[in-house]
Structures are given as C-alpha cells and as structure tokens.
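Q: For reference, the structure I am asking about is given below.
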Amino acid sequence: MLLDSQNKFSDRQAITANDVSENVIDMGKGEASFGTPKPLLIQVVEDFNNLTSLKVEIQTATDPDFTTPETLAESTQVLEKLKTGYVFPITTLPKGNKGYMRLKYTVAGTAPTQGRITGGLVAAHNEGWHDV
C-alpha cells in the first residue's frame, strides 16, 4: 500500500477523544472523485481500548478551517473490530468535494487511552483476484 505524505489525513494519529484529522487535504475546485474511483484507506494501526464505538466521517468544506463542514460518508465500528489492521469500509473518495477534505473522529462511551488511525488517499488497495 503506497501512502503519500501529502495525501494523508492522519498518520498514526492517536484518537483519545473526539477529534479531527491532523491534516486537511486541499482537493482543488471541482469534483475530486470524477472518473476512476480514488482509493481511500482508513486503518487502525494500534488497538483501541475502553470506547464503545468509533465513528469516522469524511468531511468537506469550502475553506481549510471547516467553517461549515459537510459529511460525505461515515462509518461506525464497535470496539471489538477496532484492532490493528482493521480497515474501515469507506474505500473510495465520495462525491461532493467543496475544496478541502478531512476526517472527523467521534468516540462513543469511555474515552480510549490507546488507539491510532492512519488514513489517506492511496495509489491502490492491497487486493487481488484471490481476495474476491
């Protein structure tokens, strides 16, 4: 899996409370998901503890401060799934780009003391015909 540092939302970002990704990606004007689907990876890189579930949202806005963010896609996963290697089921960049994108993390239940996420645009997914 190839992850370019300029296309990462989160790089082993610790999620211990509600938060947003450490990076915002400037997607430019126009529809970023036009044409061939753009592969997206949101992966747990350190086991989570304590929380009940974690919701990850892909947000877009017209400004890098996200004055009025809009959620394009979201996925909520329970603690039992949030183990190292787990990949959230949002695998391509959704339609609706307004110029800037980020990830938003919402913790349900007790705040975790451990758990990290790496997320960003990737060149391709590590899947082949044998994974089908």
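The values are calculated or read from the model by the stated rules, or taken from the named source; none is laboratory data. None of these values were measured; they are calculated from a predicted model. Heads up, the Cβs are rebuilt from the backbone with ideal geometry, glycines too, and the neighbour counts pull from every protein chain shown. With ligands, DNA and RNA removed, areas are computed over all heavy atoms of the protein, side chains included. Shrake-Rupley method; radii C 1.70, N 1.55, O 1.52, S 1.80 Å.
Q: Taking Lys98 as the residue in question, decide whether it is basic (Lys, Arg) and at pLDDT 95 or above.
A: Against the criterion (basic (Lys, Arg) and at pLDDT 95 or above), Lys98 does not qualify.
Q: Taking into account only those residues within region 1-31 that are over 24 Å from Lys98 (Cβ atoms) and at pLDDT 80 or above, which is least open to solvent (accessible area, probe 1.4 Å)?
A: Among them, the one singled out is Ile15.
Q: Let me ask something else. Looking at Asp47, Asp63, which one is more than 14 Å from the chain's Cα centre (by Cα), more than 17 Å from Val24 (Cα to Cα) and at pLDDT 95 or above? Please lay out each step first, then the result.
A: Working: Asp63 fails: more than 17 Å from Val24 (Cα to Cα).
Only one candidate passes the filter, namely Asp47.
Q: Given the conditions (1) free of Cβ contacts under 8 Å to residues at least 60 places away in the same chain; (2) aromatic (Phe, Trp, Tyr); (3) closer than 12 Å to Thr118 by Cα, report the number of the one that Phe9 does not fulfil.
A: (1)
Q: In contact with an Asp or Glu (Cβ under 8 Å, 6 or more places away or on another chain), open to solvent by 70 Å² or more (accessible area, probe 1.4 Å), modelled with pLDDT of 95 or more and of a type in the set (Asp, Glu): does that describe Glu70?
A: no
Q: Additional query: Out of (1) touching a Lys or Arg at 6+ places or on another chain (Cβ under 8 Å); (2) in a strand (DSSP E or B), the odd one out for Leu54 is which?
A: (1)
Q: Test of understanding: among Lys55, Lys83, Lys104, Lys38, which residue is basic (Lys, Arg), under 23 Å from His125 (Cβ atoms) and modelled with pLDDT under 95?
A: Within the list Lys55, Lys83, Lys104, Lys38, the selection yields Lys38.
Q: Considering only residues that are surrounded by fewer than 13 Cβ atoms within 10 Å (Cβ to Cβ) and β-branched (Val, Ile, Thr), which ones fall in region 35-67?
A: Matches in region 35-67: Thr36, Thr52, Thr67.
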